[in-house]
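*Asks:* Before anything else, here's the structure in question.
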Amino acid sequence: MSLLLITAVDAEAAALADVPDAHVVVAGIGRTNAAAATTQAILEHGPFEAVCSVGVAGALPGAELQLGETIVAGACIYAEEGLQTNDAFLDMQAMGFPLGDFTGNRVPVDERLLTRLQDHAPTGLIATVATCSGSDLQAQTVARRTRAIAEAMEGAAVVHAARRLGAAAIELRTISNTTGDRAQQQWDLHGAFDAMARDVPPLLQHLRN
């Protein structure tokens, strides 16, 4: 199976150096870079049997995830697309404007890929944010709004772009930090990269079985 692996930074790509038959792209940070790089890679180097957004993420409140733990997205949630009123946040479904061929802000991952991975790693919703949570209020807001267990900055855009081109896609994230008050956050970025190199290649191998 040919894989397209979309990362944000070089260190994430380096952690995936031992994945066979994979085209690894360092897209840059954020949704625009992720969507553009995914689209370009599929058009120029595809087709791929699976597209994966892979990188580090921050654990959201209540998730009880450990630093260095790798998780699989059951779906990717755009955290900020919508309308903030004085009383509530309205997502795209509530506003009546579709983002794509899916409901509201929830971008589905490929069910076949999810089935192959979900027994081998914790699975949950992963939020895609433009602004990372550096306060308790922001982290709690993202967790409540999306019901996600972790946040990153690219996954929904990668899966969304692949979906538009008919490619099966999913998101895998290794926890590098907690979220919430910046001064109280726990971080192990280098440990997360080491964990990616150890744990992600075997997970991706399950996509080939």
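*Asks:* If Phe193 satisfies all but one of (1) part of a helix (DSSP H, G or I); (2) within 17 Å of Arg112 (Cα to Cα), what's the number of the condition it fails?
*Replies:* (2)
*Asks:* Search region 90-114 for residues that are free of Cβ contacts under 8 Å to residues at least 40 places away in the same chain and more than 25 Å from Cys52 (Cβ to Cβ) and pair each with any residue that is part of a strand (DSSP E or B) and open to solvent by 50 Å² or more (accessible area, probe 1.4 Å) when their beta-carbon atoms are under 7 Å apart and the residues are at least 6 apart or on different chains.
*Replies:* Every condition considered, the pairs that remain are Leu90/Leu83; Met95/Leu83.
*Asks:* Here is a further query. Read through the list (1) open to solvent by 10 Å² or more (accessible area, probe 1.4 Å); (2) assigned to a loop (DSSP other than H, G, I, E, B), then give the number of the only condition that Arg198 fails.
*Replies:* Of the numbered conditions (1) open to solvent by 10 Å² or more (accessible area, probe 1.4 Å); (2) assigned to a loop (DSSP other than H, G, I, E, B), the odd one out for Arg198 is (2).
*Asks:* In region 111-147, which residues are among the charged types (D, E, K, R), part of a loop (DSSP other than H, G, I, E, B) and touching a strand residue (DSSP E or B) at 6+ places or on another chain (Cβ under 6 Å)?
*Replies:* Matches in region 111-147: Arg147 only.
*Asks:* Somewhere in region 178-185, is a residue crowded, with 19+ Cβ neighbours inside 10 Å and at positive phi?
*Replies:* So far as region 178-185 goes, yes, one or more of its residues are crowded, with 19+ Cβ neighbours inside 10 Å and at positive phi.
*Asks:* Still on this structure, I have one more. Limited to region 50-89, what total is found for residues that are on the phi > 0 side of the Ramachandran plot, free of Cβ contacts under 8 Å to residues at least 40 places away in the same chain and open to solvent by less than 50 Å² (accessible area, probe 1.4 Å)?
*Replies:* The number of residues fulfilling the criteria is 1.
*Asks:* I've got another one for you. Against the definition (at positive phi and of a type in the set (Gly, Ala, Ser)), how does Gly104 come out, yes or no?
*Replies:* Yes; evaluated as a whole, the condition is true for this residue.
*Asks:* Hey, another quick one. Of the residues that sit in region 93-124 and are open to solvent by 30 Å² or more (accessible area, probe 1.4 Å) and aliphatic (A, V, I, L, M), which one is nearest to Pro202 (Cα to Cα)?
*Replies:* Among those that are open to solvent by 30 Å² or more (accessible area, probe 1.4 Å) and aliphatic (A, V, I, L, M), it is Leu99.
*Asks:* A further question follows. Can you tell me which residues in region 148-157 are among the small types (Gly, Ala, Ser) and outside any helix (DSSP H, G or I)?
*Replies:* Hits for region 148-157 are Ala148, Ala150, Ala152.
*Asks:* Do we find that Val142 is farther than 26 Å from Pro201 by Cα and surrounded by 22 or more Cβ atoms within 10 Å (Cβ to Cβ) in this structure?
*Replies:* yes
*Asks:* Select from region 1-45 the residues that are open to solvent by 30 Å² or more (accessible area, probe 1.4 Å) and in a loop (DSSP other than H, G, I, E, B) and list them in ascending order.
*Replies:* Met1, Ser2, Val9, Ala17, Asp18, Pro20, Asp21, Ile29
The values are calculated or read from the model by the stated rules, or taken from the named source; none is laboratory data. The model shown is predicted, which means the values in this text are computed figures rather than measured ones. Heads up, the Cβs are rebuilt from the backbone with ideal geometry, glycines too, and the neighbour counts pull from every protein chain shown. Heads up: the accessible areas ignore ligands, DNA and RNA and are worked out on the full protein's heavy atoms, side chains in. Shrake-Rupley method; radii C 1.70, N 1.55, O 1.52, S 1.80 Å.
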